[in-house]
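Heads up, the thing below is written out as structure tokens.
The values are calculated or read from the model by the stated rules, or taken from the named source; none is laboratory data. In this text the structure is predicted, and so the values were computed from the model without any measurement. Note that each Cβ is placed from the backbone with ideal geometry, even for glycine, and that neighbours are counted across all protein chains shown.
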Amino acid sequence: MAEAASTDGGAASTDTAAAGKVVEDTLREAGIAYESPAPGTYVVSLPGTRKLSTTCQLIVGRHSLSVNAFVIRHPDENEAGVHRWLLERNTRLYGVGFAVDRLGDIYLVGRLPLAAVTPEELDRVLGTVLETADGSFNRLLELGFATAIRKEYAWRTSRGESTRNLEAFTHLTRPERPEQPERPE
């Protein structure tokens with residue numbers, strides 16, 4: 001019995017080492033800088049356009065590769081609307097899904113069996129993380145932080161500050177026009 005456990009442990013450590021090598025080689029070949037704060041743990045920063053950077057942690061475990069990426073902090077408002085949007089979006093994602101931690105912060109999380117960790121699969125999952133975090137960012141801000149965006153815009157304009165980084169939210173910051181009564185012809 002002890003021999004069987006040893007054999008399983010040896011195979012698991014071989015799989016773990018092989019998956020770690022695939023992760024390192026794939027990141028290096030893609031030109032993605034990474035840190036490895038502990039054996040089998042890799043932290044990468046994926047550059048975006050809306051969300052300037054998405055930090056993603058890859059952890060090679062005994063049986064799987066864990067993928068965790070921070071997307072946005074706990075929404076200030078409309079939490080139910082944000083969560084509904086996340087759940088609806090989850091149905092269209094590959095390899096990862098939205099999740100919230102105990103503080104309500106929003107992450108993308110996923111798990112791949114070690115046998116599925118190939119350069120192509122890792123590229124596909126990291127691509128999904130980047131595309132989803134970056135592509136969802138403005139919508140999540142609109143849903144969960146509209147009041148804060150309006151306040152920030154008002155504060156900046158009252159002081160003559162630049163509102164350039166709020167341009168994506170002009171539909172939230174424009175004054176609402178009162179409805180005009182219909183004029184008789």
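Quick look at the values:
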{"quantity": "Residues of the stretch 146-172 satisfying the condition of being modelled with pLDDT under 85, in a helix (DSSP H, G or I) and among the polar types (S, T, N, Q)", "calculated": "N165"}
{"quantity": "Residues that are of a type in the set (S, T, Y), within 12 Å of the chain's Cα centre (by Cα) and over 18 Å from L122 (Cβ atoms), drawn from the stretch 49-74", "calculated": "S53"}
{"quantity": "Residue that is surrounded by the fewest Cβ atoms within 10 Å (Cβ to Cβ), among those in the stretch 77-126 that are over 21 Å from G61 (Cβ atoms) and among the β-branched types (V, I, T)", "calculated": "T91"}
{"quantity": "Filter pass, V67 being surrounded by 13 or more Cβ atoms within 10 Å (Cβ to Cβ) and either more than 30 Å from F169 (Cα to Cα) or out of contact with any Asp or Glu (no Cβ under 9 Å at 6 or more places or on another chain) (or both)", "calculated": "yes"}
{"quantity": "Checklist (1) loosely packed, with under 13 Cβ neighbours inside 10 Å; (2) over 24 Å from the mean Cα position of the chain (by Cα) applied to R156, failing item", "calculated": "(1)"}
{"quantity": "Some residue of the stretch 38-45 being touching a strand residue (DSSP E or B) at 6+ places or on another chain (Cβ under 6 Å) and at positive phi", "calculated": "yes"}
